[in-house]
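Data first, discussion second: the structure below is written as structure tokens.
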Amino acid sequence: MALDNVWVFAEAADGRVKTITLEMLAKAREIADEVSCFYAGAGDDVAETLGEHGASTVFATGDLDDALLGPPVAAAIAAKIAADGAPDLIMFGTTYDGRDVAGRLSAKLGAPVITNVADLIVNGEDVAGVEPVFGGSTNVTTRFKGEAVKIVLVRPKSFAAESAGGSVADVEDLDVPEVGNTGTAKVTARFMEETSGPKLEEAAIVVSGGRGLGEAAKYAMVEQLAKLLKAAPGASRAIVDAGWVPYSYQVGQTGKVVKPTVYLACGISGATQHMVGMKGAKYIIAINKDKEAPIFSIADLGIVGDVHKVMPKLIEALQGR
Amino acid sequence: MRSAQHNSGMHVVVCVKQIPDPAEPGSLDPATKTLKRSGNIILDESDSYGVEMALQLVTSAGGGTVSLVSMAPGGETKGLRTALAMGASDAILVSDPVLNGTDALGTAKVLAAAIARKSPDLVLTATESSDGYTGTVPSQIAELLGLPSVTFARSIEINGQSVNVRRQTESGYDEVTCPLPAVVSVTAGVVEPRYPSFKGIMAAKSKPVEALTVADLGLSADEVGWAGGGQEIVEIAASEAREAGRVVEDEGEGYAEIVNFLENLKVI
Ligand SMILES: Cc1cc2nc3c(=O)[nH]c(=O)nc-3n(C[C@H](O)[C@H](O)[C@H](O)COP(=O)(O)OP(=O)(O)OC[C@H]3O[C@@H](n4cnc5c(N)ncnc54)[C@H](O)[C@@H]3O)c2cc1C
Ligand SMILES: Cc1cc2nc3c(=O)[nH]c(=O)nc-3n(C[C@H](O)[C@H](O)[C@H](O)COP(=O)(O)OP(=O)(O)OC[C@H]3O[C@@H](n4cnc5c(N)ncnc54)[C@H](O)[C@@H]3O)c2cc1C
């Protein structure tokens, strides 16, 4: 049931290969005999980690001179296909750059993209993607047909990252074709606004707040609780849009997908677009004053109560330990 | 793509999707395997930010036009009228039975062909639609038009012949600069979309909406629709539901339930 050859678009941040890349590699080596990566940067920086996780070769573009990645990386992949033929599948993570490259490549090659993929089903040469819709209540399976190159965009946390004990991947430098006008968008400065403490996507516990907190200042309760639990603070879109916390805190369809051991939702109603980002948590606890709130339908423990009463007591109890 | 047909000011095209009201529970038609489009059709809220942004940019530029481009079945104009009532000048609507089942790339081909007729300085889209949310259409459009693009914009500033964008990233944001014309996709919340005024609603009724077919755009029917797509839905299934657990009313001891729960999991 295996494919011959799968390519994975690899990404790194702060010198570390991103988790989404390692998750895709785990699936790629399960479904294919040979896995290669494309990387926008110096291949030597990532060859060890990618090799350890099952990639045999890293095709690297080298420095791209602060260009946004979509046009040059798509052009480099298309050129590689023109020279050496297409793989059976190309996997991208649903990330800012992953989407850009996948979209550009799709238009270049006239190839379809199956998006929001949470699982892949391979049957001989046949590939299908499983996509959760309506807040994860329904799964839609979509199969590639026709001869075009197959491109998928994979949701984070769909597969478990695991070392394959592989050796350092070979590095092959790519020629990046001239992309002209399309490649003229350049990054002139980069700004970080991440908080201290564990990262939202990696924390074992996530404490999230929503509009039920009432006002921006009350988000401090979420932060305090998160600190006590060594958790990452998160948020619903309602309070991100209201400007209470930065977008990087948002959990859900248009925010981050989290899969912690415990997810504690405080004053969050449980809209489908929120649930699709957190319903993979092992345990869900919810505090909401409305006993009909949809969040209770997926919570392992639901407290029908006022966040302004329950949270301060919880904070006090944890401080006393 | 900038042409001499415009004489002054800034010309922006905003892609606006008209979708079933997300407040009404969605469902897929088991026969056609597409989203059921019954019920109330509205302007995708995600696109109201692009419309507002375009109106503000044109005002800052001291004049110009905001044109809309939409692809929707059945000659639907309800969402377009909302955006026209906000202040957009005119619209192109592509509606054609051969578009049934069109995937994201097919949608991008149609939108790109319609946009090209307007020769804009700037094309705005949302980063992803509320109903399909593939998020690939903006960069597909840009590639088809041979334009640079900046996705995930949280602010946009026009600076002469280029656009400066704060682009959302995983850990913060990047400042990106790019020459015009360009495609920029905006995130929700970048601006506060205005409510259409009564005057705006009245004016919208007589604003021009040009209705086009796939053939009018010079595309062939086999590039779009079910035939043109490289994919097919093979199964729609309910996923394993998460069961509701214990729900307790807080009588002052609710916090202790949480402490116990966490203790049992040995996470505290
Ligand atoms: C295309 C699209 C994408 C979206 N993406 C996301 C996304 O990524 N993430 C996301 O979160 N949302 C997303 N949304 C928005 C989503 O639909 C909801 O609007 C949002 O999640 C609601 O946030 P909330 O639960 O904080 O607010 P509300 O829905 O207003 O809920 C507030 C809750 O707090 C409770 N409450 C009020 N006061 C108290 C109190 N004193 N004590 C306890 N409880 C109280 C209320 O009972 C209510 O249940 C998206 C929407 C669209 C259309
Ligand atoms: C549940 C579901 C799953 C799907 N999965 C896939 C898939 O895996 N692959 C695939 O190729 N297609 C898929 N589709 C089909 C896809 O949603 C449609 O082809 C759609 O026309 C375009 O994609 P989008 O809305 O997801 O675009 P997005 O890329 O999410 O849209 C971004 C922006 O582009 C603009 N835009 C998009 N469509 C229009 C329009 N019709 N008119 C005007 N502006 C528009 C808007 O500004 C929009 O916010 C799916 C549809 C559904 C309902």
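Positive end of the dipole of chain A (Cβ unit charges, origin at the Cα centre): among A:70, A:166, A:274, the Cα lying farthest that way belongs to A:274.
Applying a threshold of 24 Å to the alpha-carbon distances of A:199/A:279; A:157/A:230; A:259/A:309; A:27/B:266; B:17/B:207; A:150/A:279 flags A:259/A:309; A:27/B:266; A:150/A:279 as lying beyond it.
Amide H contacts for residue A:12 (H built 1.01 Å from N in the peptide plane; partners 5 or more residues away or on another chain; cut-off under 5 Å): A:18. In a DSSP loop and with at most 11 other Cβ atoms within 10 Å, the trypsin sites (Lys or Arg not before Pro) in segment B:161-268 are B:205, B:266. Of all beta bridges that DSSP places with both ends in chain A, some 25 percent have antiparallel geometry. Work out which residues of segment B:173-212 lose at minimum 50 square angstrom of accessible surface when the other protein chains are put back, relative to the chain isolated, with a 1.4 angstrom probe, and list them by number. Residues shielded by partner chains are B:173, B:174, B:175, B:177.
Structural descriptor for chain A: relative contact order 15 percent, calculated from alpha carbon pairs under 8 angstrom and at least 6 residues apart. Put simply, the amide H of residue A:164, placed in the peptide plane, has neighbours under 5 Å in A:53, A:54, leaving out anything fewer than 5 places away on its chain. Counting only the backbone N, which residues of segment A:26-52 are under 16 Å from the spot 7 Å out from the Cα of residue A:4 toward its beta-carbon? Answer for segment A:26-52: A:32-36. The HN-Hα couplings worked out from phi for segment A:265-270 by the Karplus form 6.51 cos²θ - 1.76 cosθ + 1.60 (θ = phi - 60°) are 9, 10, x, 10, 6, x Hz, whole numbers, x standing for Gly and Pro.
How much of the pair distance distribution for segment A:3-183 lies past 20 Å, counting alpha-carbon pairs only, in percent? Of all Cα-Cα pairs in segment A:3-183, 49 percent lie more than 20 Å apart. Taking amide H as placed 1.01 Å from N in the peptide plane, residue B:210 has its amide H under 5 Å from the amide H of B:91, B:92, B:93, each at least 5 places away in sequence or on another chain. With a threshold of 26 Å on the Cα-Cα distance, the over-threshold entries among A:18/A:186; A:291/B:36; A:108/A:145 are A:291/B:36.
Our coupling estimate for segment A:63-71, obtained by passing each phi through the Karplus curve with A = 6.51, B = -1.76, C = 1.60 and θ = phi - 60°, is 5, 10, 6, 6, 6, 4, 6, x, x Hz, Gly and Pro reported as x.
In segment A:240-271, the residues whose accessible area drops by at least 40 square angstrom when the other protein chains are added to the isolated chain are A:241, A:247, A:253; the probe is 1.4 Å and only protein heavy atoms count. Where only DSSP H runs of four or more residues are counted, chain A gives -7500 deg cm²/dmol as its mean residue ellipticity at 222 nm, each run worth -39500 (n - 2.57). Within the shell of other residues whose beta carbon sits under 13 angstrom from the beta carbon of residue A:307, the net charge comes to +1, with Lys and Arg scored +1 and Asp and Glu -1. Between the Cα long axis of helix A:96-109 and the first principal axis of chain A there is an angle of about 40°, rounded to the nearest 10.
The values are calculated or read from the model by the stated rules, or taken from the named source; none is laboratory data. Note that the structure is predicted; figures quoted are calculated from it, not measured. Neighbour counts run over all protein chains shown; Cβ positions are idealised from the backbone, glycine included. Side chains included, ligands, DNA and RNA excluded: accessible areas come from the protein's heavy atoms. Shrake-Rupley method; radii C 1.70, N 1.55, O 1.52, S 1.80 Å.
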